[in-house]
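These notes are about the structure you will find just below.
The values are calculated or read from the model by the stated rules, or taken from the named source; none is laboratory data. Predicted model, so just to flag it, every value in this text is computed and none were measured. As a convention, Cβ positions derive from the backbone with ideal geometry for all residues, glycine included, and neighbour counts pool all protein chains shown. Remember, those area values only see protein heavy atoms, side chains included, never the ligands or the DNA or RNA. Shrake-Rupley method; radii C 1.70, N 1.55, O 1.52, S 1.80 Å.
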Amino acid sequence: MDTDILTRIEISKEYLNFSAGHFTIFSGGDRENLHGHNFQVRCHVTAAVGADGLAFDYVMLKRVLKELCDALDERLLLPEQSPHLRIESADGMVIAWFGKERLTFLERDVLVLPIRNVTIEELAGLLLERLRCRPELAGLDLREIELGVSSGSGQWAFSSWEST
């Protein structure tokens, strides 16, 4: 059997989701009101089919994706790299300054992420990078990964990585 045959595995499970609050920043003076979404995550991985008829252990991939979703679940997400938001922490509180607006949250409810804006585009890229850094994927002959995040029905953003 030809072991150079590639296959594309799609992982799209109902449990690959997280609920989170956020607001999108459009400019230095314009942002959405605070609101939340039930975000969905899906992943496509392209790999060679091995002599045993398997590409890789995608049970492991499902487990890792669930862990990545769980890390974002039930939190308010704030973008650490936004040029329009200043984030401070003091006395168990997180203060997000947007212009003259002072938004105050309990520290335990907030997750500050290394992104520019809390959008599905940025979340897809962040989760893809976090997935690629996982040791469980080391040594696998993965050719391509595409990770998608949805904030609602019919609205997805995908980030992709391809081996060189």
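Taking each residue of the stretch 104-128 that is without any contact (Cβ under 8 Å) to a residue 24 or more places away in the chain and looking for partners that are part of a strand (DSSP E or B) and open to solvent by less than 30 Å² (accessible area, probe 1.4 Å) with beta-carbon atoms closer than 7 Å, six or more apart or interchain, yields T104/I95; E107/V94; L126/L113.
Of R63, R102, R130, all but one fail to be in contact with a strand residue (DSSP E or B) (Cβ under 9 Å, 6 or more places away or on another chain), of a type in the set (K, R) and either open to solvent by 70 Å² or more (accessible area, probe 1.4 Å) or in a strand (DSSP E or B) (or both); the exception is R102.
Provide a single number: the residues in the stretch 5-19 that are open to solvent by less than 20 Å² (accessible area, probe 1.4 Å) and either of a type outside the set (A, V, I, L, M, F, W, C) or outside any loop (DSSP other than H, G, I, E, B) (or both). Spell out the reasoning first.
Of all residues in the stretch 5-19, those open to solvent by less than 20 Å² (accessible area, probe 1.4 Å) come to 11, 16, 18.
Now restrict to residues that are either of a type outside the set (A, V, I, L, M, F, W, C) or outside any loop (DSSP other than H, G, I, E, B) (or both): 11, 18.
Count: 2.
Checking each residue in the stretch 20-36 for being within 20 Å of the chain's Cα centre (by Cα), over 12 Å from T119 (Cβ atoms) and not in a strand (DSSP E or B) picks out only L34.
Restricting attention to the stretch 145-164, which residues are of a type in the set (G, A, S) and open to solvent by 50 Å² or more (accessible area, probe 1.4 Å)? S153, G154, S160 - these are the residues of the stretch 145-164 that are of a type in the set (G, A, S) and open to solvent by 50 Å² or more (accessible area, probe 1.4 Å). For the stretch 35-58, how many residues meet the condition of being at pLDDT 95 or above and open to solvent by 20 Å² or more (accessible area, probe 1.4 Å)? Qualifying residue count for the region: 7. Going through (1) more than 18 Å from the chain's Cα centre (by Cα); (2) more than 27 Å from S12 (Cα to Cα) one by one, S82 falls short only on (1).
Of the residues L68, L78, which single one is in a helix (DSSP H, G or I), in contact with a strand residue (DSSP E or B) (Cβ under 9 Å, 6 or more places away or on another chain) and not polar (S, T, N, Q)? Walk me through it before giving the result.
Numbers: L78 fails: in a helix (DSSP H, G or I).
Only one candidate passes the filter, namely L68.
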